[in-house]
Structure formats: structure tokens, C-alpha cells
Amino acid sequence: MPGKVWLVGAGPGDPGLLTLKGARALAQCDVLVYDYLASSAIVALAPPDCEKIYVGKKAGQHTRSQDEITALIVELGRAGKKVVRLKGGDVFVFARGGEEAQALAEAGVAFEIVPGITSAIAAPAYAGIPVTHRDHNTSLTIATGHEDPTKGSSSLDFAKLANRKATTIFLMAMGNLAGIVAKLMEHGLEGDTPVGIVHEGTKPSQEVLTATLDTVVAEVERTGITAPAIVVIGDVVRERERIRWFDAQPLFGKRVLVTRPAHQADDIATRLWEAGAEPIVAPTIAIGPPDDLTAARDAVTRVRDYAWAVFTSRNGVDAFFDRLGELGRDARAFGDVRIAAIGPKTAEALATRGIRVDLVPSVFVNEAVISELLTRTAAGDRILVYRAQEAREVLPETLREHGCLVDVVAAYATRFVDDPELEAKARRADVVTFTSSSTVAGFVHNVPNAATVLAAKTVAAIGPITAQTARDAGIRVDVVADEFTVEGLLRALSAAAAV
Ligand code: SAH
């Protein structure tokens, strides 16, 4: 098999700004060669067994030269590897992707170019600065500020850039800002021309400074805003007053600890990025098979003996279908057994298997399922509760009091994850989320002094039962969702942060 190299733009930082094509290339690569600016959430999209080679800069460390990097990808491609060469922003915009593509073409190594969203446009956009606007400009120049204009070595045509109708966007300009400003003013650009500086645009660490040519150098000094940054010069910067959005969100810039199992963390992590927050994914529990699978298998084989099958979580649904699959069977095994789901996510998990549930209670706790189930069952009905090995007894007990014959089957087990870094991760967070009682238990398992570690944090629980578990462990809870889903939790957190 001949090798191939994908030159992929990772976008400016927000992992949501990677293209679909870039994500597809990443998902199938053997080797990933990546830069300093590529976001870690994007690097994590590469397969676990993929070889990851970091070629970016790191203070005080030997860095590979561009020639060495180019030689490396050519060599890997020749060796038959599927290589993703991941670069921050776009692959060509001040990124030397052109040289890498040339070398690949000359060496006869197959390649594809997957453009990325450049920080030149995206960082201003996330600051609420449109790079063109009918009221303000008719052209847009993307320039490097890397060359020192005071040394006479700059090839930039400052006379052309010094035009109020022509917006200029500088990359790598923080080191030479004073010289650039002086040159533009020398060529007649007015001192009241707006300047916007966007540091780490599109990330939860985004900082924005707005000033004018007259004031910007002093303002940079005063605020300490640094590289990496985009400098926008022109009247478009004024639009930020009206269309600022990303860094105006209530959760913007917050670091949020996500304690739920890794395979369920994607949804909340994505929503946090969208809210401008930084998820710190630190699972405290993991889902695995129960200690003994016999009962879980038997129940699947005999499911038609029951009047109702009750699923309390997506994990239970997944486990049921795993067992069914092992038996070489499919959803028809249910026949006309009625099916109840606690919570919309559980119902959704069944829906993706083609099963429409007969009962989803409007409130997502055991008690609500019970009262609705009681109205629909009679004494003597057989009920299967397919759920976690360790769970509360209220549901089966109440059904039994009602005269139902209840089989509680351990479908899966929740195990604590051992994470020696957890306390450090929690200390770095502003907000800590608990999405089930077991995530609380898993947290305390790793951080016995949880109450102290979390004392100055915002603690958010997905519902009252989880909140109570936290309080029982001495943890103060600040936010409790009133809809017991991830959306509900984030809505409650945003509302709390907005006041
Ligand atoms: N190929 C990249 C640019 C690489 S040059 C792109 O298309 O975005 C490196 C410069 O890009 C930095 O010095 C800085 O000026 C800019 N930059 C990259 N990411 C940035 C970000 N998230 N916010 C602000 N500037 C950024």
C-alpha cells in the first residue's frame, strides 16, 4: 500500500472549527505530525494506536527545523504510512504548508490538502469583529508582522496599508507592534483608527483589547496582552461593541471539570466548548460488565416472560444489546414486552435501536417512573429491571409492594477510576460537575478531602439525588439542574453564572 500525506488545517483553537474532512483524515491516520498551535482536543481525535509526533516549539527545547519536518513527512509517506500533518489555522496562511506540499509533489508522495479556518478571520469573528463590513472597508490584507519595519528590512507596502477603507490583519505582530503603528501613522493613517487585538482567539482563554493607533501601544503595555494574537486595524473593529458574543457568554473562560465516564463525556465537552468554557475531562467512574454475567444473559434470553422491561440508563440499554448480539439475536427478542425508560437519553438509546418506548416519565427520577408504572401494572405482573449492579432499591421495592414480581438484574457495573491527577485537575477547575451519585463517589474515592478541595469551586449536580450524595460527603452544592440532563445542567450553570 502506498502512503499518503494529508496536510490538514486544525483551525484556530476551538475544536468545533476543524472541518469534517480534516476529522475524517485524522480518524484514519497511522502517524500524526502536529504543531504547537493544534488544539489538544483535535489531537485526541487521532486513533489511540496512531503514532503522534510533536514538532512544535517548546521553550528551551530543541525544535525541528522546517527542513527536518518536511523530510520527516516525505519519509513517512514513502514508507507507506497514512500521515496527517496538522497545522494551526490554515495550512498555507503563514504556515509553510506550501513548502511541504512542494516537497511531497517532488518526491512523488500522494497528498491531499485540507484547508483550515485561519485565525486571521476566526479570531476577529469570535471577538465580534467582521473582517469586512459594507460600512467600513472594501479590501482586506492579511499580513505578517514578523519583519521589523524599523530595520528597513520589511517588504510591506505601508503606504498602501495606510488607507482607512482597507482593513489590515496582522499575524505575528506583537513583537513589532510599535514599529508597525508608527509606520502606518507616518503614511497618514489617522490616530483615531480603531485597533483590535485578539489573543488566543476562539479559545476559552481569549482576550480582546480594543484601542486606537494613538493608544494601542500604551494599552498593550498596561494590559499585558501577548502573542499569539491577531491585530486588526480598521473601522471594522468598532463593530465589536454591537456584535460581541463569544466572550459575553456566562460560562466563557470557565474551566469545568467533567467527572462522567469517558464514553459519555463528548456531549458535555462539546457543549462546554460552544459556551466558551474549557472542559477538563476527568472521568471518576467507568462502566464495565457486572461481576457475574449469568443473570444478565439469562434475562436477555427470557425477556419475553416479562410484562415490562425497565431501563434506567443508556448503559443498561447498551449492555442489553451487547448480550443480545452475543446470542446472535436482535431487537425482535422483545416481542410485545412493554418497555419503560428513565430519562430521555435512555429513551433515545432505545430509539436508535428502533424501539419506541411505552413509557418515559416526564420527570427523570425513579419515583416518577414508579408512580406511572404503578398505574399501568397489576399484581402478578413480571417486571425486569435491567440496571447497574449498585443502585437504589426504591423502584423494585415499591413495585413489589404493589404485588409485581420484579427481577432486578445487574446489567453492568460502575467502577471507580483511579486518577492520581484528579485533585490537581479539580484545583485547576472553576466549576465541578457531578452527573450521577457514582461520579461523586468516584471523586471522593480519589480525593478524600473533597470538601476542602471543592470549597472555593462552583459545584453543580445534575439532580437532587446526586446533590444529596455530594452533601452527604460534605461537599457544598451550588447549582442543581431542574431538568436532569446535561442540557439542563448547563442551562442551570449558565443561569447561575449570569447573575
Ligand atoms: N496558519 C495559521 C497561522 C500560523 S502563524 C493560521 O492560519 O491561523 C502563527 C500566528 O498566527 C500567531 O503568531 C498569531 O498571530 C496567529 N494565531 C494563530 N492562532 C491564533 C489564535 N487562536 N488567536 C490569535 N492569533 C492566532
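For this structure, a couple of remarks:
- Residues of the stretch 366-380 that turn out to be open to solvent by less than 60 Å² (accessible area, probe 1.4 Å), more than 24 Å from F321 (Cα to Cα) and modelled with pLDDT of 80 or more, as a count: 4
Conditions tested, residue by residue: (1) polar (S, T, N, Q); (2) assigned by TED's automatic domain parsing to the domain that holds G201.
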position: G98; (1), (2): no, no
position: A105; (1), (2): no, no
position: A125; (1), (2): no, yes
position: H133; (1), (2): no, yes
position: N137; (1), (2): yes, yes
position: A143; (1), (2): no, yes
position: K160; (1), (2): no, yes
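- Residues (aliphatic (A, V, I, L, M) and touching a strand residue (DSSP E or B) at 6+ places or on another chain (Cβ under 6 Å)) located in the stretch 110-148: A110, I113, V114, I117, A120, A123, A127, I129, V131, L140, I142, A143
- Options A79, A41; residue that is open to solvent by 20 Å² or more (accessible area, probe 1.4 Å) and more than 21 Å from G3 (Cα to Cα): A41
- The set of residues in the stretch 183-212 that are crowded, with 16+ Cβ neighbours inside 10 Å and either in a loop (DSSP other than H, G, I, E, B) or out of contact with any strand residue (DSSP E or B) (no Cβ under 9 Å at 6 or more places or on another chain) (or both) comprises K183, M185, L189, T193, E200, G201, T202, K203, P204, Q206.
- Residues located in the stretch 1-17, provided they are hydrophobic (A, V, I, L, M, F, W, C), crowded, with 24+ Cβ neighbours inside 10 Å and within 13 Å of the ligand (Cβ to nearest atom): L7, V8, A10
- Among the residues of this structure, I342 does not count as one that is farther than 24 Å from L399 by Cα, of a type in the set (A, V, I, L, M) and open to solvent by 10 Å² or more (accessible area, probe 1.4 Å).
- Scan of the stretch 162-186 for residues that are among the aliphatic types (A, V, I, L, M) and within 38 Å of the chain's Cα centre (by Cα), ordered by number: A166, I169, L171, M172, A173, M174, L177, A178, I180, V181
- Looking only at residues in the stretch 198-221 that are of a type in the set (V, I, T) and under 24 Å from E274 (Cα atoms), the one that is farthest from the ligand (Cβ to nearest atom) is T210.
- Filter pass, R240 being assigned to a loop (DSSP other than H, G, I, E, B), of a type in the set (D, E, K, R), under 28 Å from the mean Cα position of the chain (by Cα) and buried (at least 16 other Cβ atoms within 10 Å of the Cβ): no
- The number of residues in the stretch 72-88 that are in contact (Cβ under 8 Å) with a residue 24 or more places away in the chain and away from the ligand (no atom under 16 Å from the Cβ) comes to 11.
- So V408, is it over 27 Å from A441 (Cα atoms), of a type outside the set (F, W, Y) and modelled with pLDDT of 90 or more: no
- Residues that are free of Cβ contacts under 8 Å to residues at least 24 places away in the same chain and more than 16 Å from the ligand (Cβ to nearest atom) within the stretch 89-140 comprise Q102, A105, E106, G108, R134, listed in sequence order.
- Qualifying positions in the stretch 385-413 - of a type in the set (K, R) and within 30 Å of the chain's Cα centre (by Cα): R387
- Boolean, A23 is open to solvent by 20 Å² or more (accessible area, probe 1.4 Å), in a helix (DSSP H, G or I) and either farther than 30 Å from A173 by Cβ or within 16 Å of the ligand (Cβ to nearest atom) (or both): yes
- The number of residues in the stretch 404-417 being open to solvent by less than 10 Å² (accessible area, probe 1.4 Å) and either assigned to a loop (DSSP other than H, G, I, E, B) or free of Cβ contacts under 8 Å to residues at least 12 places away in the same chain (or both) comes to 1.
- Answer residue from the stretch 318-339, given it is free of Cβ contacts under 8 Å to residues at least 24 places away in the same chain and among the small types (G, A, S) and is surrounded by the fewest Cβ atoms within 10 Å (Cβ to Cβ) among those: G328
- Just one of the listed residues (A46, A38) is under 29 Å from G253 (Cα atoms), within 15 Å of the ligand (Cβ to nearest atom) and either touching a Pro at 6+ places or on another chain (Cβ under 9 Å) or not in a helix (DSSP H, G or I) (or both), and it is A38.
- Residue within the stretch 222-231 that is of a type outside the set (V, I, T), open to solvent by 50 Å² or more (accessible area, probe 1.4 Å) and more than 16 Å from the ligand (Cβ to nearest atom) present: yes
- If you go through the stretch 345-365 and pick out every residue that is under 29 Å from the mean Cα position of the chain (by Cα), in a loop (DSSP other than H, G, I, E, B), at pLDDT 90 or above and surrounded by 17 or more Cβ atoms within 10 Å (Cβ to Cβ), you end up with 0.
- Any strands (runs of 3 or more DSSP E) falling wholly within the stretch 264-317 and containing at least 2 residues that are under 26 Å from the mean Cα position of the chain (by Cα) and buried (at least 16 other Cβ atoms within 10 Å of the Cβ): 278-281, 285-288
The values are calculated or read from the model by the stated rules, or taken from the named source; none is laboratory data. Every value quoted in this text rests on a predicted model; they were computed, and no experiment measured them. Positions of Cβ are generated from backbone atoms using ideal geometry, with glycine treated the same way; all protein chains shown enter the neighbour counts. Keep in mind that these areas ignore ligands, DNA and RNA; they rest on the heavy atoms of the full protein, side chains included. Shrake-Rupley method; radii C 1.70, N 1.55, O 1.52, S 1.80 Å.
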